[in-house]
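Have a look at the structure below, then the notes.
The values are calculated or read from the model by the stated rules, or taken from the named source; none is laboratory data. Note that this is a predicted model, so its numbers are computed, not measured. We place every Cβ from the backbone using ideal geometry, glycine too, and count neighbours over all the protein chains shown.
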Amino acid sequence: MPKLESILDLEQFRDVCLKDRDAQKPCLTVCAGSGCTASGAHDVIAGLKKNLEKLGLADKIDVKSTGCHGFCEKGPVMIVWPDGVFYNRVTSRDAAAIVASATNGRKPVEKLLYQDPQTGERVLHENDVPFYARQQRVLFGNNGRIDPRQIEDYLRVGGYKALAKVLGNKTPGEDIVEEIKKSGLRGRGGAGFPTGVKWAALRANPATPKYIICNADEGDPGAFMDRSLLEGNPHSIIEGMIIGAYALGATIGYVYVRAEYPLAVEHLRVALRQAEEFGLLGQNIFGTGFNFRIKVVQGAGAFVCGEETALIASIEGRVGEPTPRPPFPVQRGLWGKPTIINNVKTWASVPQIINRGAGWYASIGTERSKGTMVFSLVGKINNTGLVEVPMGITLREMIYIIGGGIPKGKELKAVQIGGPSGGCIPASLIDLPIDYEELTKAGSMMGSGGMVVMDETTCMVDVARYFMEFLEEESCGKCFPCREGTQRLREILERICAGKGKEEDLEVLTDLAWVMKETSLCGLGQTAANPVLTTLRYFKDEYLAHIREHRCPAKVCKELIVYSIEPTVCDGCHACVAVCATDAILGEKKKSHQIDSGKCIKCGACLEVCQPKAVLVS
């Protein structure tokens, strides 16, 4: 690898990389992110290479593994370049047909093209798929184009141009901070604090040394945005951190990433090693006298370490517990020195702003929420995956256009946004714009971008109980309101789900929730009660049904439901008997069955397999 000692060296090497890649040479790019890998992406890659070698075409057609494309529901996905043909749900058995199509100029493999569920028509290109058509992929746009383990690929798509711009022009640090301020970029990891304001506070602190940290401790259930960006385009985060360090006068950076993300950690380490070998990290970068290094710290999976002061404690080797603020990290952070902590998506946004300008970035989104946001769209939704959209898009567009609606013709009930501490937004607010202010008004928050869709079969009381159980386990226990509050809330919710609640419990839930919000030490405790408060606010009737009628309207809470078999419908097929783990179903084959309620654990297995729909839940 060449050591790049100047901006000129970088641009000359970029030209070499571009000339080495024939834009017209066929290239088969396969998503090898965690989701597609789990679905067999590496078998697909191996199959493609094997078929190309068999035909003696291994040097004529490239096969490239890339990061996540976002459409996880349809993985493994791939694109055939230069035509841009998009295939979904590819298997190793399809490799021969794909190679034959790519080499002989034949028509695309039709069965692998995306099929629009509304029209039944096949869609040829990725951007024409409804899931992608409404997105604006500022951060994830290159995920499906580059091999994250090859720095040359990142350079071909303009990588490190922003760094060259600020170092080459010797842009003063205050000018860079001002550009970030003008862009309106807000932190993408939680509360949405203005990034430029935080940077300015650090720059104004005369103490040295200064540290910058990338918070990749993504602990929300169902969230995988940061992981996928680290897996698919680690250099974008690294470049943003280098620019930030230059602007703020930092010499050391840390990426705090959870150890449960092995592929992200691997790709990040490879990218850091390549950046150092090329001279983009280390001593005297581009001969400017600027020195900066990045270290990787793997967290042990504690949700509370997503909080700034707990994260700092963990990096220092202490127990991951929050500390009171002030002082804030920009005043006294890592090792007692001024520290900036930003999320993965925030750092990745920095090169985009420097390259395209603050005005361009500020033109995206709403008046107070600028740019794009990446959401993990999961739950009861047809199209699950990662979605990058402009701030201000409505829930309706997210769920029914990008997400493809609710499976099996069921009705939307709620959307939980912002991770386990986020609030549950009811279907009645389907036209709510998604930005920081509107979500806060509705009782939720942006968080890091988790979005869980729930349909009519979801019990909102049980949802509140589930998230409270999670938050009780993840509470560090340092402060009394959070330690005891999460436990008490969970206990009350469990009683209500079991049909043992009282109406006065609702008042206790509300009062306790507000005490936690106003007195907890850190953001975990201050927001932990959001699922409770929003479900009480929008779904109080469900709570009352559990309490007054001892009934779960969604038929989810086990203590409040009974499984039975309608004898006039049952055909005695024995399918339910085969799956019953407790031998609770009685009856001879070809004769109607019945359920022994004493043995039934209400697991729902019989309901799933019963073809004549004789199993009833009441």
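Is it fair to say residue 166 is under 30 Å from residue 266 (Cβ atoms), without any contact (Cβ under 8 Å) to a residue 40 or more places away in the chain and either out of contact with any Pro (no Cβ under 6 Å at 6 or more places or on another chain) or not small (Gly, Ala, Ser) (or both)? Judged against the criteria, residue 166 is not a match. The set of residues in the stretch 259-298 that are more than 24 Å from residue 209 (Cβ to Cβ) and of a type in the set (Asp, Glu) comprises 260, 266, 277. Of the residues making up the stretch 484-519, those that are farther than 18 Å from residue 548 by Cα and either assigned by TED's automatic domain parsing to the domain that holds residue 421 or without any contact (Cβ under 8 Å) to a residue 24 or more places away in the chain (or both) number 7.
One residue stands out among those in the stretch 236-255 that are among the hydroxyl-bearing types (Ser, Thr, Tyr) and crowded, with 17+ Cβ neighbours inside 10 Å: the one that is nearest to residue 203 (Cα to Cα), which is 246. Kindly indicate whether any position in the stretch 538-546 is of a type in the set (A, V, I, L, M, F, W, C), under 25 Å from residue 513 (Cα atoms) and touching a strand residue (DSSP E or B) at 6+ places or on another chain (Cβ under 8 Å). Checked against the condition, which is being of a type in the set (A, V, I, L, M, F, W, C), under 25 Å from residue 513 (Cα atoms) and touching a strand residue (DSSP E or B) at 6+ places or on another chain (Cβ under 8 Å), the stretch 538-546 yields at least one hit. Among residues of the stretch 488-509 being within 31 Å of the chain's Cα centre (by Cα), of a type outside the set (A, V, I, L, M, F, W, C) and surrounded by 15 or more Cβ atoms within 10 Å (Cβ to Cβ), the one that is farthest from residue 526 (Cα to Cα) is 494. Going residue by residue through the stretch 51-62, is there one that turns out to be over 30 Å from residue 283 (Cα atoms) and either in a strand (DSSP E or B) or under 25 Å from the mean Cα position of the chain (by Cα) (or both)? Yes - at least one qualifying residue is present in the stretch 51-62. Counting only residues that are outside any loop (DSSP other than H, G, I, E, B), more than 20 Å from residue 518 (Cα to Cα) and either at pLDDT 95 or above or aliphatic (A, V, I, L, M) (or both), the stretch 436-465 holds 10 of them.
Counted as qualifying within the stretch 99-192 are the helices (runs of 4 or more DSSP H) with 3 or more residues that are touching a helix residue (DSSP H, G or I) at 6+ places or on another chain (Cβ under 9 Å) and of a type in the set (Asp, Glu), namely 173-183. Among strands (runs of 3 or more DSSP E) entirely within the stretch 256-364, having at least 3 residues that are in the same structural domain as residue 236 (by TED's automatic domain parsing) and surrounded by fewer than 20 Cβ atoms within 10 Å (Cβ to Cβ) singles out 282-285, 290-299. Just for the stretch 193-207: of the residues that are free of Cβ contacts under 8 Å to residues at least 24 places away in the same chain and assigned to a loop (DSSP other than H, G, I, E, B), which one is surrounded by the most Cβ atoms within 10 Å (Cβ to Cβ)? Filtering first and then ranking leaves 193.
So that you can scan it fast, the table gives a plain yes or no per residue for (1) in contact with a helix residue (DSSP H, G or I) (Cβ under 7 Å, 6 or more places away or on another chain); (2) at pLDDT 95 or above:
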| position | (1), (2) |
| --- | --- |
| 507 | no, yes |
| 517 | yes, no |
| 523 | no, no |
| 555 | no, no |
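With respect to the conditions (1) touching a helix residue (DSSP H, G or I) at 6+ places or on another chain (Cβ under 9 Å); (2) assigned to a helix (DSSP H, G or I); (3) over 23 Å from residue 439 (Cβ atoms); (4) touching a residue at least 24 places away in the same chain (Cβ under 8 Å), residue 229 falls short on a single one, namely (3). Looking only at the stretch 178-195, decide whether some residue is touching a Lys or Arg at 6+ places or on another chain (Cβ under 9 Å), at positive phi and modelled with pLDDT under 95. For the stretch 178-195, residues touching a Lys or Arg at 6+ places or on another chain (Cβ under 9 Å), at positive phi and modelled with pLDDT under 95: present.
Can you find, within the stretch 597-611, the residue that is farthest from the chain's Cα centre (by Cα) among those that are on the phi < 0 side of the Ramachandran plot and surrounded by 13 or more Cβ atoms within 10 Å (Cβ to Cβ)? Looking at the filtered set, the residue picked out is 599. The set of residues in the stretch 247-269 being of a type in the set (D, E, K, R), over 21 Å from residue 151 (Cβ atoms) and out of contact with any strand residue (DSSP E or B) (no Cβ under 6 Å at 6 or more places or on another chain) consists of 260 alone.
The numbered conditions (1) over 20 Å from residue 166 (Cα atoms); (2) touching a strand residue (DSSP E or B) at 6+ places or on another chain (Cβ under 6 Å) are all true for residue 231 except (2). With respect to the conditions (1) within 16 Å of the chain's Cα centre (by Cα); (2) among the basic types (Lys, Arg); (3) not assigned by TED's automatic domain parsing to the domain that holds residue 347, residue 145 falls short on a single one, namely (1). Would you mind stating whether residue 69 is without any contact (Cβ under 8 Å) to a residue 24 or more places away in the chain and of a type outside the set (Val, Ile, Thr)? So residue 69 fails the test. Looking at 15, 43, which is the one that is assigned to a helix (DSSP H, G or I), acidic (Asp, Glu), over 34 Å from the mean Cα position of the chain (by Cα) and outside the structural domain of residue 282 (by TED's automatic domain parsing)? When all the criteria are applied, what remains is 15. Condition check for residue 466 on (1) out of contact with any strand residue (DSSP E or B) (no Cβ under 7 Å at 6 or more places or on another chain); (2) within 30 Å of residue 185 (Cβ to Cβ): one failure, at (2).
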